[in-house]
Amino acid sequence: MKFKNQFTLLTITLMLWSVNLMAQEKVDLNMVYKIKSEGIGNSQIQDLSFHLTDYLGPRLSGSTNLRNARNWAVDKFRDWGLSNVRIDSYGDFGRGWNVKKSYIAMKEPYYAQVIGYPKAWTDGTAGLLDTEVMLLEISTADDFVKYKGKLKGKVVITPANLTNNPAFEAEAKRLTDQELEDRKVINIGGGGGRYTPEMLAQLRAERDLDQRLTAFLLEEEVGLRLTGTRGSFGTVFHTRAGSFSKEKNKTVPEMEISSEHHGRIYRLLKNGKSVKIEAEIEVEWLDDDYSGYNVLAEIPGTDKNLKPEIVMLGAHLDSWHAGTGGNDNAAGVAVMMEAIRILKALNYQPKRTIRIALWGEEEQGLFGSRGYVQKYVADRNSKEKKAEWDKISAYYNLDNGSGKIRGIYLEGNDQLVPVFEKWFEPFHDMGAKTITLRNTGSTDHVAFEAVGVPGFQFIQDPIDYGKGYHTNMDVYERMQLSDMTQAAVIIASMIYHTDQRPEKLPRKPWD
């Protein structure tokens, strides 16, 4: 009974603390109205989205198009009157790479175009290939012997476990009320890992065999390797074959082709029919600059005591190379650019400095955001704190497509629950009200969280994000412009209220 009474007292104390803290948080509804009016009435989302996709094209890490995108963003920020606009090097990245020409078609047993794209950082072919395709069925190390000396200049294909089952669910979806409620639940302990020891051993064996196959194909001077990818209806999920490393290791020319076209070629060969392919890949390596870069711009703070502090927002500017990076992540870039444009258009004079960052090379391992944090904020390994560590109040990120914002992940920071519940109140009618303590990963906010600086990613409607990102179909047509308008308004308000707060947002311990 004593324990029960203590627990009840603790619960009441926490509730009173939460209510008291929420009462202290202020929402400037007049400013929210102005933000909504500017963001909805004069939205630049459509124009920004067009330029980031159709005009600038794919923005692979280190590529010419990414360099062009950085320059375009700088010009746009300067046109809007932002300050301290700059392209800032965070350190080394590696080699840039461009596709100059890509073509593939089946010539026999009949002519048919093939949907395919070179893997990133692959070497080009030795001109136009016009040759038979050879099926390689290698499941053990002993299988290499039967192909030795037979593959020079040939196109090769390997089996793939690709199935295209009918889709009985809707192509796109929004999060239901129940799904949003479920996001609030924190699972504790007990589950174990995703993979059993046996599964991990099998994955390691498959990886080792594939590495040996790659080395074998290089030795045999194969002309081109074809790889099938997951997806359907001509969607090609792309990865990389080579490396952006300055070591300049040679790679086998490699194309990823749609699962349907991979399946056709495989079945023809498996049934003893001859297949001929005509293909060519021409690439360009950029060895003039191995550095990686972020684009930074600001609205300077005006409060004499608070202006050294910083409120940050950002998104990654790079994409993969077959589509135009619409949802991953032109959408996030357009929304964040629009959010800071709204505040600037309202002639807002912030207390703290508001800084936007368009990150480079996120797709290859969060290079841009981690490089920025290492350079200016803190060393996550040694825990050395640098100049900006105690100045940044928060970093807000957007990188889950173009769907509506439905809430925010608080990365386990209980102190922030009443703060964000209050700040989200004006946007309940826009469908945004879920505050969860859950963590979410795999994008640029984790670089800040890793060093104890509050970093946030928003809960978003997935729409069809999972089917299109990292593919040839991640293009302008997949972007939800009205949802992005909603997101820009909400983020502009979050930035405003973070800036207006007397103190920086409370942090979790990091020592």
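The values are calculated or read from the model by the stated rules, or taken from the named source; none is laboratory data. Bear in mind that the values here come from a model prediction, so they are computed numbers and not experimental data. Virtual Cβ from ideal backbone geometry, glycine too; neighbours counted across all protein chains shown.
Structure values in brief
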quantity: Out of Ser274, Ser319, Ser291, Ser259, sole residue that is at pLDDT below 95 and either touching a Leu at 6+ places or on another chain (Cβ under 6 Å) or not charged (D, E, K, R) (or both); calculated: Ser259
quantity: Flag for Pro502 being out of contact with any strand residue (DSSP E or B) (no Cβ under 8 Å at 6 or more places or on another chain) and either surrounded by fewer than 20 Cβ atoms within 10 Å (Cβ to Cβ) or farther than 18 Å from Ser402 by Cβ (or both); calculated: yes
quantity: Elements of type strands (runs of 3 or more DSSP E) contained in the stretch 387-451, each with 2 or more residues being among the aromatic types (Phe, Trp, Tyr) and touching a helix residue (DSSP H, G or I) at 6+ places or on another chain (Cβ under 8 Å); calculated: 392-397
quantity: Residue count, the stretch 228-259 (criterion: assigned to a helix (DSSP H, G or I) and surrounded by fewer than 15 Cβ atoms within 10 Å (Cβ to Cβ)); calculated: 0
quantity: Residues satisfying the stated conditions in the stretch 246-305, i.e. small (Gly, Ala, Ser) and on the phi > 0 side of the Ramachandran plot; calculated: Gly272
quantity: Looking only at the stretch 166-176, and only at residues there that are modelled with pLDDT of 80 or more and surrounded by 10 or more Cβ atoms within 10 Å (Cβ to Cβ), the one that is nearest to Lys467 (Cα to Cα); calculated: Ala172
quantity: Candidate set from the stretch 188-218 (those that are within 28 Å of the chain's Cα centre (by Cα), at negative phi and not in a helix (DSSP H, G or I)); member that is modelled with the highest pLDDT; calculated: Tyr195
quantity: In the stretch 296-319, residue surrounded by the fewest Cβ atoms within 10 Å (Cβ to Cβ) [restricted to those that are more than 22 Å from Ala487 (Cβ to Cβ) and not charged (D, E, K, R)]; calculated: Asn305
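Condition check ((1) within 20 Å of Gly314 (Cα to Cα); (2) in the same structural domain as Val419 (by TED's automatic domain parsing); (3) modelled with pLDDT of 95 or more; (4) assigned to a loop (DSSP other than H, G, I, E, B)) across all residues:
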position	(1), (2), (3), (4)
Lys467	no, yes, no, no
Thr485	yes, yes, yes, no
Ile490	yes, yes, yes, no
Tyr496	yes, yes, yes, no
Leu505	yes, no, yes, yes
Pro509	no, no, no, yes
